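See below for the structure under consideration.
Every number in this text was worked out from the coordinates using simple rules, so none of it is lab data. It should be emphasised that the depicted structure is a prediction, and the values quoted were computed from it without experimental measurement. Quick reminder, even Gly has a Cβ in these numbers, built from the backbone with ideal geometry, and neighbours come from all protein chains shown.
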Amino acid sequence: MHKREHVTPRILCLALALMSVPAFGLFASDSNSTAADTNTPPATNAAKPAAVSNDEVTLLRQQIALQQKQLEQMQKALEDQKRLLDRLTQPAPATQVASQPAKPAESAESAAQPAKPAAAEQTTLAAKSATDSTPVAQHSLTTADTQSPDPSHPASLGEVASTTPMIPQSQKKTDNAIVIPAAGTTANTATMSSSAQEGGGETSPLQFHLGAATFTPVGFMDFTSVFRTKAAGGNIGTSFGSIPYATLPSGTYQTNLSELRFSVQNSRIGFRTDADVKGAHVTGYMEADFLGTPSSTNIAVTNNAQLLRVRLYWVDLRKGGWEILGGQTWSLATPGRTGISPLPADVFYTQDMDVNYQAGLFWGRIPELRFVYHLPSDKAAFAFAIDSPDQYVGGSSGGGTITLPTLLGTYASELDEGASSGGIATPDVAPDFIAKLAFDPTKRIHFEIGGMERTFKVWDPGTAAGTDAPAVTAQTFSNEGGAGFFNVNVEVFKGLRLLTNNFWSDGGGRYIFGQAPDLVANANGTITPLHSSSTVTGLEYVNRGQMIYAYYGGIMVGRDSVIDSNGKLVGYGYAGSATSQNRTIQELTFGTNNTIWKHPKYGALNFISQFSYVVRDPWYIAPVTSGPTNPVNATDNMLFFDLRYTLPGSAPTLGKPAR
């Protein structure tokens, strides 16, 4: 009995100690205990082990339910992130490329980041679950919404497919800058580099990149048909100065037969490159068509293998307000649509389907060195150009040719008479100098004024003394020619533009599509510039996907009669001259350009129809002694239809160089 009395108290104490351990553990682990709970006597809490155990189970169930809810939210957020990434990796539409500003780089990076690991995400959510009730999915959707494309920019691709090689029209030169990738980065040749994207880079469906340069293919595919009431014998381009003239009594086959042509020659192919080099923006442009002169006489029999022909090939460098260009480009004398720019979209050469454009248009695609200064506001610009020369006396594209004096036959080799060499063998003495001042006070008004200076020089081999005439010493003769032009383009109201382009010259016939000679030669060997002038005046109206255009074009050529050493008249426009020596050439044109469909990723399809009426009046009409008189002029009616597919895309607009 004595032993048992001592052992029993020990066992009871040990049992009480073991029972108190869970109670202390509960107090230590229960984070929801209040200050009142800490003042409760231990005996009271120890007396409720079942209630404590039930609280633990309930708390555990709540935590599990919360974690399950968080996992469901994470799964939904991951699905939203996946959809967002799919949208970000899709190619940008051409309309967004042309006009939509680039998205901030940090937003794109945050949208492209992968989801956090599940364990870390659960820890974060558990820590903020008591204070933050915003679902993760909502945050993800908000991020996705900020990355969605901006639909406010209208699509311009294919609205009007003109003879310009690219649609939509190019941006201002100062907007065509590319951000060079930062040091240590590598530009992808297939997609825009990440550094370019951070700088506002935009892509086009057909653009690709080599280093810091962006290459943009340009062009369109044309199927052109033309019907003429006279058999002029040309292709889809009209030789205005040689419209068949119906001499009596019955004329010729050209005046009694019509002609029909189908052709793809007007299709264009080319590319544009843009890059920033040491603070300057460099643009290269190449454009070609298939209107090259074939050497084969049977090209239309079987395969119609049309020849590729270079139209434009130049490089342009601009830094701040200064710009320099070199290469074959639209001559500075060609009218502009906006500012002073070599880009085809900024040049006015009408909407005509005729590949020789409108009679009266003064233009040239000539090797040229050009210097331009743009005012900081871009509302005015001044340019000076040096153009490749050609002392021309007729014979190109139907233009009338002068008649040389009898003793000056060597001049035929010294002057360009539309020779097979194309004039490149003509011994020109100096380039043509052209200056232009352009103003754009608002987007609705553009006008420009300019002039040119030309120099002509020939060598007379002289003649030996004759019975009735003294010897003539060999010597050279030179003379100066010049021209001036004034052009206006005004948007009267939305969509409607009125325009007039006017050219006056003494010795500038070369620039009126060669429809007038530059000069005539006198019997004593001297040379005299010939007066010529032209105009193209009309309107262009655009309404949604349709353009309506109408132009009047006119050419006037002066006359210069020369008395030859044998007493006969020579020169140009003299009594008895050929009917090819024209006094005036006039053309009236109406046309429509309709968009069939357009898509920023797939390009545009347009249908163009045009009617033109051409009339030319020779200086001299041979008299008829009896019966009906010869007609006073030659006329032709022409009908054009064209189906055109234009490539998608646009030039890059990736920033703006500092001025």
**Asked** Check Leu519: other-chain or 5+ apart residues with amide H under 5 Å from its amide H, H built from backbone geometry?
**Response** Leu530
**Item:** chymotrypsin sites (Phe, Trp or Tyr not before Pro) restricted to segment 448-557 and DSSP loop, no more than 12 other C-beta within 10 Å
**Value:** none
**Message:** I'd like to know which of Thr592, Thr629, Leu639 lies farthest towards the positive end of the charge dipole of segment 560-659, counting +1 on Cβ of Lys and Arg and -1 on Cβ of Asp and Glu.
**Reply:** Thr592
**Request:** Determine ³J(HN,Hα), in whole Hz, for all residues of segment 392-408 in sequence, where each value follows from phi through the Karplus function 6.51 cos²θ - 1.76 cosθ + 1.60 and θ = phi - 60°; x replaces Gly and Pro.
**Result:** 10, 10, x, x, 9, 6, x, x, x, 9, 5, 9, 7, x, 4, 8, 10
**Asked** With each label point set 7 Å from Cα along the Cα-Cβ vector, what nm distance links Asn54 and Lys69?
**Response** 2.4
**Fill in**
The Cα extents of segment 562-611 along the principal axes, largest first and rounded to whole Å, are 70, 21, 11
**Prompt:** What are the semi-axes of the equivalent ellipsoid for segment 391-450, taken as the square roots of 5 times the Cα gyration tensor eigenvalues, largest first, in whole Å?
**Reply:** 37, 14, 11
**Calculated log₁₀ intensity ratio I(q)/I(0) where the Debye formula runs over C-alpha points of segment 486-588, q = 0.10, 0.13, 0.18, 0.19 Å⁻¹** = -0.41, -0.59, -0.86, -0.92
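Can you quote the Å³ per residue value for the convex hull of the Cα atoms in segment 214-338, rounded to an integer?
Values: hull volume 19.9 nm³, N = 125.
Per residue, the Cα convex hull of segment 214-338 comes to 159 Å³.
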**Complete:** Phi-derived 3J(HN,Hα) across segment 449-460 with the Karplus relation (6.51, -1.76, 1.60, θ = phi - 60°), rounded Hz, x for Gly and Pro, is 9, x, x, 9, 10, 10, 10, 10, 8, 9, 10, 9
**Request:** Put one equal scatterer on each alpha carbon of segment 329-395, apply the Debye formula with no solvent term, and list log10 I(q)/I(0) at q = 0.14, 0.22, 0.29 1/Å to two decimals.
**Result:** -0.49, -1.03, -1.37
**Request:** Please compute the net charge surrounding Val310, taking Lys and Arg as +1 and Asp and Glu as -1 over other residues with Cβ under 10 Å from its Cβ.
**Result:** +1
**Request:** Please report, in whole Å, how far the alpha carbons of segment 432-548 spread along each principal axis, starting with the longest.
**Result:** 77, 25, 17
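Taking K and R as +1 and D and E as -1, what net charge do the other residues with C-beta under 13 Å from the C-beta of Asn522 add up to? Don't skip to the end; give the middle numbers.
Details: positive: none; negative: Asp460, Asp560, Asp564.
That sum, taken over residues with Cβ under 13 Å, equals -3.
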**Request:** Report the net charge of residues surrounding Ser577, where surrounding means a beta-carbon distance below 15 angstrom and charges are Lys +1, Arg +1, Asp -1, Glu -1.
**Result:** +1
**Prompt:** Two-decimal Rg/Rh of segment 523-659 from alpha-carbon positions, Kirkwood Rh?
**Reply:** 1.21
**Prompt:** Considering the zone a paramagnetic label at Tyr613 would reach in this model (a point 7 Å from Cα along the Cα-to-Cβ line), which residues of segment 334-366 have amide N under 15 Å from it?
**Reply:** none
**Message:** Calculate log10 I(q)/I(0) of segment 362-510 for q = 0.11, 0.12 Å⁻¹, where I(q) comes from the Debye formula with a single equal point scatterer on each Cα and nothing for solvent.
**Reply:** -0.59, -0.67
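Per the Kirkwood definition applied to all pairs of different Cα atoms, how many angstroms is the hydrodynamic radius of segment 297-416? Mind showing how you got there, number by number?
Details: mean 1/r = 0.0573 Å⁻¹.
Computed over Cα pairs of segment 297-416, the Kirkwood hydrodynamic radius comes out at 17.5 Å.
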**Prompt:** So who's got an amide H within less than 5 Å of the one on Arg337, skipping anything under 5 residues away but keeping other chains? H placed 1.01 Å off N, in plane.
**Reply:** Val347, Phe348
**Message:** Expected output is a single nm value to one decimal: the length gained when fully extending between Leu307 and Asp468, i.e. 0.36 nm times separation in residues minus the C-alpha distance. What is it?
**Reply:** 52.5 nm
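Filter the trypsin sites (Lys or Arg not before Pro) in segment 435-536 down to the DSSP loop ones having no more than 10 other Cβ atoms within 10 Å, then list what survives.
Here the sparse-neighbourhood loop sites are Lys443, Lys494.
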**Span per principal axis, largest first, for the Cα atoms of segment 208-257 (Å)** = 70, 20, 9
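How much length, in nm to one decimal, is gained on full extension between Ala430 and Ala550, taken as 0.36 nm per residue of separation minus their Cα-Cα distance?
Working: separation 120, 0.36 × 120 = 43.20 nm, distance 3.82 nm.
Additional length available on full extension: 39.4 nm.
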